Structure formats: C-alpha cells, structure tokens
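Inspection log for the structure reproduced underneath, given as structure tokens.
The values are calculated or read from the model by the stated rules, or taken from the named source; none is laboratory data. Every value quoted in this text rests on a predicted model; they were computed, and no experiment measured them. All Cβ positions, glycine included, derive from the backbone under ideal geometry; neighbour counts span all protein chains shown. Please note that ligands, DNA and RNA were not included when accessible areas were found on the heavy atoms of the full protein model with its side chains. Shrake-Rupley method; radii C 1.70, N 1.55, O 1.52, S 1.80 Å.
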Amino acid sequence: MGKNLFRRELANLMPYVPGKPIEEVQKEYGIEEVIKLASNENQLGPSPKAVEAVKREAENINMYPDPGSMELRQAIAKKLGIEVENIVVGNGGEQILQIIAQTFINEGDEIIAADTTFTILGIAVDHMGGKCVSIPMDGYKQNFKGFIENINEKTKLIYVCNPNNPLGNIATKEEIDYLIKNVPDDVVVVIDEAYYDFAKVNPDYPETVSYLKEKSNIIILRTFSKVTGIAGVRIGYAITSKEIATEMSKVKGTFNVNRLAQAAALGALEDEEHIKKTVELNYKSLGMMEEAFEELGLEYVKSNANFVFVNVGKDSRTVAQELLKRGIVIKAGDIWGWNTWLRVSTGTLEQTEKFLAALKEVLKELVSA
Ligand SMILES: *Cc1c(COP(=O)(O)O)cnc(C)c1O
C-alpha cells in the first residue's frame, strides 16, 4: 500500500466550501426570512420562458440530450452573427473553464491572471499540473501591462474577467484592445463575460466577438446563470475560433449538457423582456447601495455586474457573521485577501433595503463595541 492512489496535483487542491444553506441559517439563528446575496443569483427568478421550456422538456428525459446542443448553438450563432462551429456549450461556464484547462495545459505550462479574480480556471489549471501566475492588481484594476510583461515561453493562457468578479468593475474597450494587440498569437486570451448583459449598458464595455474576425487566439465565455436566472440547470458557452472549438469539443464529454438545460437556455435566449427587467432592477439595486455607501462614507468599486464590492472598514468575517444573524448572507472579502471588504449581490428593492438596514445596524454596533 505504498503507492499514492490519487493524482499528484490533488494534494494541493481544497474541496469547495459552500456558504451556509438557507435552511441551516434559519434553524441556527431562529429566523424565518433569509436573504441570500452571496452568489450573484437572479432574485427576480428564472426566465419564465425557460421555466415553460423545462416543463415541456421534462417529458423527454428518458432520451439522451443532443450531444452537440445544435438547436441552441444555431440560436446563439444567429444572435451573434457567427457560425455554430464557433460555439462550444458546457455544463455551466464553470465546465467551459475546466474544458479550457484540459484543452491547453500540459504539466509545467503557465497561465496569467489577476491576483483578485474568479478562481475556477486557476484551480482547473492546477489540476492539470500547470501553474497560475498571479499579477498584483493596479488599484482596483486588472493590470494588463503586468500581464504582458509576464508572458514567457511557458505561457499558454491569459485570463481576463470582465467585469471582474469580485470587484465588479469593467476593463474598457481601450484596455482590452491594448491586451489583444500585445499578446502573441501563440497565447490564448480567455475573456470571461459572465456578466455581459449587465455590463454592456456601459458604453466603454467592449464587444469582443468582433475580435474573432481577425484573431483566432481568443475565447469568450458567457453563461445563462446570471442574467437569465437559470443557474440551477447549469449551462454556459464559449465563443471562439473554429480551430479551438474543435479541440475543446474533444474533451467536453459526450452528453455534457442535459436536456433540461438546453431547453431552458433556448427559452431564456428569446426572453428579452426578462433580461431587460433583470438589468433594470440590477441598476436600481446598485444605485440604492451606492447611495447608502456614500452616506456612510464607505469606499466601493463602481460596478457593472450584479454585485458590488464595498470596504466596510471592519473585519469582513465579523461583519458577515453579524449580517448572518440578521438573516443576510453575503461573501466576505477575506477569501480574496481583501479583509475589510464585502461582495454583495444585487436583489429586489426590498432585499436591498433590508441588507442596507442590517449593514447600518451592524456597523453602528461594531463602533460602540
Ligand atoms: C458565475 C460565473 C461564471 C460561470 O458560472 P456558471 O454558473 O458555471 O455558468 C463564470 N465566471 C464568472 C466570473 C462568474 O462569476
């Protein structure tokens, strides 16, 4: 029994630690209403058209799904003015990031990313025996100059999160232009646009699909989890060159996207009304939070996503714990090394009000304590 059964890299990976489920918070603190603003979910609910589609599709779950998600890819291709061969659909954006690591990373290969960003690709790269080179932030921004300076012969991928999670701010068209122009053709730029529909209202947000006309070393990631509100069925996609899409498809898994997810996404894609309502509510909720933060004199990052990053000036874990007692779940920033910051998702106006009231109460209490 001397041999190590497990893949070497697993020794350095940690199991995902989930936030407290709502039911547990209710029991532990004896509160009925729990507001979860921790995972950037759509508090308006799922797209009604997606729900209808899932109900209809439920009759067919004795049959395997379409391995190529053809109908959905056709609909996305038509909407974006690209071809089906440019699209790979995954079991959530998360799976797309894992597929990317499996497609490109040999042992010892490197990727470059900001030191405060979404970590799923980094974890998948570690799993493949690659290395994630973290570039310190330039204030609140991803430091693209630093990205470029750190490219070497081992670099395979550059990961850009736009808007960046957990900060919520965008990289502008000018900044993305600079990055794309300075990355050599044998390095692939992954642009994570999980919050695309929220961000595109900002006129400085780039329309990256057009880069694919000239460049083949780009992968754009989008998801149905956030704006369309169907995180629970798991579906997202990559937009990339045909060459990269072909290689990614080899490792995606045969039936990686289930029937209910494909149906839900098709429904959600044409539900412009739900998207519009969601984006409108999002900016109302953000506006309320920004106004309150300013009143309280709290530093925050200007967001174009469905969450905001705020410096509460107190230990983030203590504040998170106190909010939890009041039935509000948010993400404490210490997990990214921002020890006095919180990431709070937008919600309904009522949820946002309740969060702000609780935050004011908690901050007052921590001052007098
Ligand atoms: C939510 C999110 C994703 C993908 O989420 P899925 O639910 O797996 O589609 C990808 N990137 C970022 C930055 C996200 O916040």
Report task. For region 142-168, enumerate the residues that are away from the ligand (no atom under 16 Å from the Cβ) and either assigned to a loop (DSSP other than H, G, I, E, B) or surrounded by fewer than 18 Cβ atoms within 10 Å (Cβ to Cβ) (or both). Result -> Asn143, Lys145, Gly146, Glu149, Asn150, Ile151, Asn152, Glu153, Lys154
Report summary line: Among the residues of region 341-369, the number that are closer than 15 Å to Ser316 by Cβ and surrounded by fewer than 18 Cβ atoms within 10 Å (Cβ to Cβ) is 2
Report summary line: Asp115: passes all of (1) under 29 Å from Gly229 (Cβ atoms); (2) open to solvent by 60 Å² or more (accessible area, probe 1.4 Å) but (1)
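Here's the yes/no breakdown for (1) within 16 Å of the ligand (Cβ to nearest atom); (2) modelled with pLDDT under 95; (3) crowded, with 17+ Cβ neighbours inside 10 Å:
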{"site": "Pro67", "(1), (2), (3)": "no, no, no"}
{"site": "Glu71", "(1), (2), (3)": "no, no, no"}
{"site": "Gly81", "(1), (2), (3)": "no, no, no"}
{"site": "Ile87", "(1), (2), (3)": "yes, no, yes"}
{"site": "Ile120", "(1), (2), (3)": "yes, no, yes"}
{"site": "Met128", "(1), (2), (3)": "no, no, yes"}
Query raised in the report: From Asn12, Asn62, Asn4, which residue is touching a helix residue (DSSP H, G or I) at 6+ places or on another chain (Cβ under 7 Å) and surrounded by fewer than 11 Cβ atoms within 10 Å (Cβ to Cβ)?
Result: Asn12
Query - Filter result for the condition that a residue is among the charged types (D, E, K, R) and in contact with a Phe, Trp or Tyr (Cβ under 6 Å, 6 or more places away or on another chain), over Lys302, Lys331, Lys325 - result: Lys325
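Kindly indicate whether any position in region 247-261 is under 14 Å from the mean Cα position of the chain (by Cα) and surrounded by 21 or more Cβ atoms within 10 Å (Cβ to Cβ). Explain how you work it out, then say what you get.
To start, the set of residues in region 247-261 that are under 14 Å from the mean Cα position of the chain (by Cα) comprises none.
No, because not a single residue in region 247-261 is under 14 Å from the mean Cα position of the chain (by Cα) and surrounded by 21 or more Cβ atoms within 10 Å (Cβ to Cβ).
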Query - Filter result (assigned to a loop (DSSP other than H, G, I, E, B), more than 9 Å from the ligand (Cβ to nearest atom) and surrounded by fewer than 24 Cβ atoms within 10 Å (Cβ to Cβ)) within region 228-244 - result: Ser241
Requested in this report: Kindly indicate which of Glu207, Glu247 is of a type in the set (D, E, K, R) and closer than 19 Å to Ser69 by Cβ.
Outcome: Glu247
Report task. Please list, ordered by first then second residue, the pairs with beta carbon atoms under 6 Å, 6 or more apart or interchain, first in region 110-130 and within 26 Å of Phe309 (Cα to Cα), second β-branched (Val, Ile, Thr) and within 16 Å of the ligand (Cβ to nearest atom). Result -> Ile111/Val125; Ile112/Ile158
